[in-house]
Amino acid sequence: MKYRIENLIDKEAVEKRIKELAREIEKDYAGEEVYCVGLLKGSVIFLSDLVKEINIPVIIDFMSVSSYGSETVSSGDVKILKDTDLDLRGKHVLIVEDIIDTGLTLEYVIKYFKEGKGVKSLRTCTLLNKPERRKVDVKVDYIGFDVPDKFVIGYGLDYDQKYRNLPYIAVVIPE
């Protein structure tokens, strides 16, 4: 497929919003230790930059969950590819996502944490949110940006495993 890339959210806006999210998280977790669980691979860049801005104790872990193949839309079939390494029982957990689209992946992960992990509290944070695509009602505590129903890349988000390294958010436009 032939396509072009158009800038949607520039690097400066992303950096500014991450700092704002960090302040919100610090306020909500004041005096606590927070376990940030990034959903691989997409959240890595966002999570890395976010935790550098958070000025309270942060422990990082990862989980790999998939609902995408090489397609540009969620398959809706959620699978855990890698579970967390740490024991999260009794911990304050913040799930960090790159993008929330249909909400199916996040709904699955929230249920998994609430039913099987015994966490003290559970909140969610995403860099990008596509409310137009939502298939299930999921609570998102911290949202970087609402974006239109277009395929977005950059800042950890990929198109067929490419473009994760872009320092901004862009849209893939088929030609």
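The values are calculated or read from the model by the stated rules, or taken from the named source; none is laboratory data. Because the structure is predicted, anything quoted here is derived from the model rather than measured. With ideal geometry, Cβ positions are generated from the backbone for all residues, glycine too; neighbour counts draw on all protein chains shown.
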Counting just the residues of the range 143-158 that are under 21 Å from Glu26 (Cβ atoms) and surrounded by fewer than 20 Cβ atoms within 10 Å (Cβ to Cβ), which one comes out farthest from the chain's Cα centre (by Cα)? Phe145
Selected residue (only one of Asp146, Asp98 is at pLDDT 95 or above, closer than 18 Å to Val37 by Cβ and acidic (Asp, Glu)): Asp98
Only residues in the range 72-94 that are at pLDDT 85 or above count as the first member; pair them with residues that are surrounded by fewer than 12 Cβ atoms within 10 Å (Cβ to Cβ) and assigned to a loop (DSSP other than H, G, I, E, B), Cβ under 9 angstrom, at least 6 apart or cross-chain, and list the lot. Lys91/Glu33; His92/Glu33
Taking the condition touching a residue at least 12 places away in the same chain (Cβ under 8 Å), surrounded by 18 or more Cβ atoms within 10 Å (Cβ to Cβ), closer than 22 Å to Ala22 by Cβ and of a type in the set (Lys, Arg), does Lys120 pass? no
Just give me the residues in the range 47-71 being at pLDDT below 95 and either over 26 Å from Ile169 (Cβ atoms) or in a strand (DSSP E or B) (or both), in sequence order. Val65, Ser66
Candidate set from the range 25-42 (those that are within 18 Å of Lys117 (Cβ to Cβ) and under 17 Å from the mean Cα position of the chain (by Cα)); member that is surrounded by the fewest Cβ atoms within 10 Å (Cβ to Cβ): Leu40
Of the listed residues (Lys130, Lys135, Lys139), the one being among the basic types (Lys, Arg) and surrounded by 13 or more Cβ atoms within 10 Å (Cβ to Cβ) is Lys130
